[in-house]
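Peer 1: Take this structure first; my questions come after.
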Amino acid sequence: MRLLLVMGAVFLLATQPALPDMVRVTGRAFVEAGKQDLARRTALEDALYQAALAGGAQVDGFSVVDQGVLTGDSILLRPSSRILDFVIVEEYAAGSQYEVVIDAYVGTQPDLGCAVRPDVELIAVRPHIHASMRTPLWMKGALELAHDQTLDALGRTAKIKITRSSIDITPRGRQASAVQDDFDYQTLLTGRATRATAPVSQLPKDARGLQLRWSSDAARVNATRVTVTVEARIIDPAAPSRAGDQRLRHTIRLAPDTPWRALNVVARKDQGAVADALAEHISAGLMPLLARLPCAPLVAQLEPAGEGRFRVSLGARDGLTKQSLAFAEGRGQAWTVFRVTELAQSSAIISPMNAARAPDGLAGVSVRFSGGMQ
């Protein structure tokens, strides 16, 4: 019985580049009679293999053992980098050989999966809470407690950080009085009949926000069922396409309309239990929405930013670095590799690595950064 044993670890022959690097190599192949096309393809394959080896190679050593007796050794040579882009400089037949000279970009693609991306930071803005007059008197307080408990639960989602704030992004209009200024009570106190609400706040630049809108209603006063609706919004002013929303609904059962229920209303005995039940249900429903944020595909559309330069609405907060690479994707789209030339928190400027191969009309094309979740 033959047993293949790994006798050595992996040896690194060359230090692979941290950044993509361009190398020029020549591939060669023997030309058989009438098979020049085959020789050309073989020479190109040889050139690509040499270019990959130029970026670094790994050697695995194996020993073959037959019934406890060492019968031979085997060495496996594997490139440790990959071809990111290449262009054929020249090709020609030289005697009995065919030669192909290429310029190739080689390097390693940085991993931008969930595990290595930065945490997603969400600013929880002021909630919008409404309790119908057909619900118990303590319902608004229960919704406020449920909101706080829900934020606590969502903050325990992996790679999600939630910061509470008093920022109010709910649009509000101006409310004018129908009473003449001379008779308006508000005018007597403030000198004006038109009352303007507090201005709406704005999220900081590059920040993402989380807003929860709570509302409760019942079919009638003293009803035994109350319906609570929660609308969750992920707000991303810097990248609106990466925002999201979700709507949840939960029905709460209340005690029948008895003297005991009246006492509970006064004592607010049911408020805490209702808040706990709501928080458990709502947080469980919203966790998948938040869990998708750190693993969202790193896909963006190219926006013109000058000659050979394009802007994308992804940046350092999404895990991009100066070493990140992007690839054009889409049906019929020519394969083009882009590198990051400028990096900001929520945006980046990228350019084709090989401008000679980049097609025209790239504006609006989708690109995917390497390592993004599929």
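Peer 1: What is the one condition in (1) open to solvent by 60 Å² or more (accessible area, probe 1.4 Å); (2) at pLDDT 55 or above; (3) closer than 19 Å to Gly107 by Cα that Arg41 does not satisfy?
Peer 2: (3)
Peer 1: Can you name every residue in segment 209-224 that is of a type in the set (A, V, I, L, M, F, W, C) and surrounded by 15 or more Cβ atoms within 10 Å (Cβ to Cβ)?
Peer 2: Within segment 209-224, Leu210, Leu212, Trp214, Ala218, Ala223 qualify.
Peer 1: Oh, and also: Sort out which residues of segment 234-256 are closer than 22 Å to Lys140 by Cβ and part of a strand (DSSP E or B), and write them in order of number.
Peer 2: Result: Arg247, Leu248, Arg249, His250, Thr251, Ile252, Arg253.
Peer 1: What is the number of the single condition among (1) open to solvent by 60 Å² or more (accessible area, probe 1.4 Å); (2) modelled with pLDDT of 85 or more that Asp21 does not meet?
Peer 2: Exception for Asp21: condition (2).
Peer 1: Please tell me if Val230 is in a loop (DSSP other than H, G, I, E, B) and either modelled with pLDDT under 90 or in contact with a Leu (Cβ under 7 Å, 6 or more places away or on another chain) (or both).
Peer 2: Here the answer is no, as Val230 does not meet what is asked.
Peer 1: Let me ask something else. What is the one condition in (1) exposed (fewer than 12 other Cβ atoms within 10 Å of the Cβ); (2) at pLDDT below 90 that Ala193 does not satisfy?
Peer 2: Condition (1) is where Ala193 drops out.
Peer 1: Among (1) at pLDDT 95 or above; (2) open to solvent by 40 Å² or more (accessible area, probe 1.4 Å); (3) not charged (D, E, K, R), there is one condition Val312 misses while meeting the rest; what is its number?
Peer 2: The number of the failed condition is (2).
Peer 1: Count, please, the residues in segment 141-150 that happen to be at pLDDT 95 or above and open to solvent by 10 Å² or more (accessible area, probe 1.4 Å).
Peer 2: The qualifying residues number 5.
Peer 1: Would you confirm, using the coordinates I've provided, whether Gln333 is modelled with pLDDT under 95 and outside any helix (DSSP H, G or I)?
Peer 2: Working: modelled with pLDDT under 95: yes; outside any helix (DSSP H, G or I): yes.
In short, yes.
Peer 1: Would you point out which residue out of Ala255, Ala275 is surrounded by 11 or more Cβ atoms within 10 Å (Cβ to Cβ), at pLDDT 85 or above and among the hydrophobic types (A, V, I, L, M, F, W, C)?
Peer 2: Ala275
Peer 1: Which residue is nearest to the chain's Cα centre (by Cα), if the candidates are limited to segment 151-181 and must be within 20 Å of Ala284 (Cβ to Cβ) and either part of a loop (DSSP other than H, G, I, E, B) or modelled with pLDDT under 90 (or both)?
Peer 2: Lys159
The values are calculated or read from the model by the stated rules, or taken from the named source; none is laboratory data. None of the values given here were measured: they were computed from a predicted structure. Cβ: placed from backbone, ideal geometry, glycine included. Neighbour counts: every protein chain shown. The area values use the complete protein model at the heavy-atom level, side chains included, leaving out ligands, DNA and RNA. Shrake-Rupley method; radii C 1.70, N 1.55, O 1.52, S 1.80 Å.
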